[in-house]
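Chemist: Sharing a structure, written as structure tokens. Questions coming.
The values are calculated or read from the model by the stated rules, or taken from the named source; none is laboratory data. Since the structure is predicted, the reported quantities are computational estimates derived from the model, not experimental observations. Cβ coordinates were reconstructed from backbone atoms using ideal geometry, including for glycine residues, and neighbour counts include every protein chain displayed. When the accessible area is computed, the model is the full protein with side chains, heavy atoms only, and any ligands, DNA or RNA have been set aside. Shrake-Rupley method; radii C 1.70, N 1.55, O 1.52, S 1.80 Å.
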Amino acid sequence: MSELKVRLGSRIRELRIAQNLSQDSLAERFGSSGKYLGEVERGELNVSVEKLLMIAEALEVPIGSLFDNAHLEDRADLIKDIGELLEKADDAEVRLVHRLVSDVLR
């Protein structure tokens, strides 16, 4: 499972829940099944751009918001996300991030 698919699915789930929609009701809006949407939300499927457009329209949001990390507002979520990003970084990237963070926080 790729990280992008997992993040995308998680974001779709967040938007759906924020609108108090069940998987079945959202899926119905774009002509699919709750099972399909569940697989998307878990990051198990490669979703076509066409399907993403349909999901965005069903959620009544711009497609870009499906990829938006601005929803990470909670301090704990932000710290967790930073940690996950750093785990994937190489040594040089970690040093660079450390210098940047040190400069900002001083």
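Chemist: Need pairs with beta-carbon distance below 7 Å; first residue closer than 18 Å to residue 3 by Cα and within region 87-99, second open to solvent by less than 60 Å² (accessible area, probe 1.4 Å) and hydrophobic (A, V, I, L, M, F, W, C); sequence gap 6+ or separate chains.
Modeler: What qualifies is 89/97.
Chemist: Just give me the residues in region 53-83 being part of a helix (DSSP H, G or I), open to solvent by 70 Å² or more (accessible area, probe 1.4 Å) and modelled with pLDDT of 80 or more, in sequence order.
Modeler: 53, 57, 67, 75, 79, 80, 82
Chemist: Just checking, how many residues over region 1-52 are among the small types (Gly, Ala, Ser) and assigned to a helix (DSSP H, G or I)?
Modeler: 7
Chemist: Of the residues that make up region 31-50, is at least one free of Cβ contacts under 8 Å to residues at least 40 places away in the same chain, of a type outside the set (Asp, Glu), out of contact with any Cys (no Cβ under 9 Å at 6 or more places or on another chain) and on the phi > 0 side of the Ramachandran plot?
Modeler: yes
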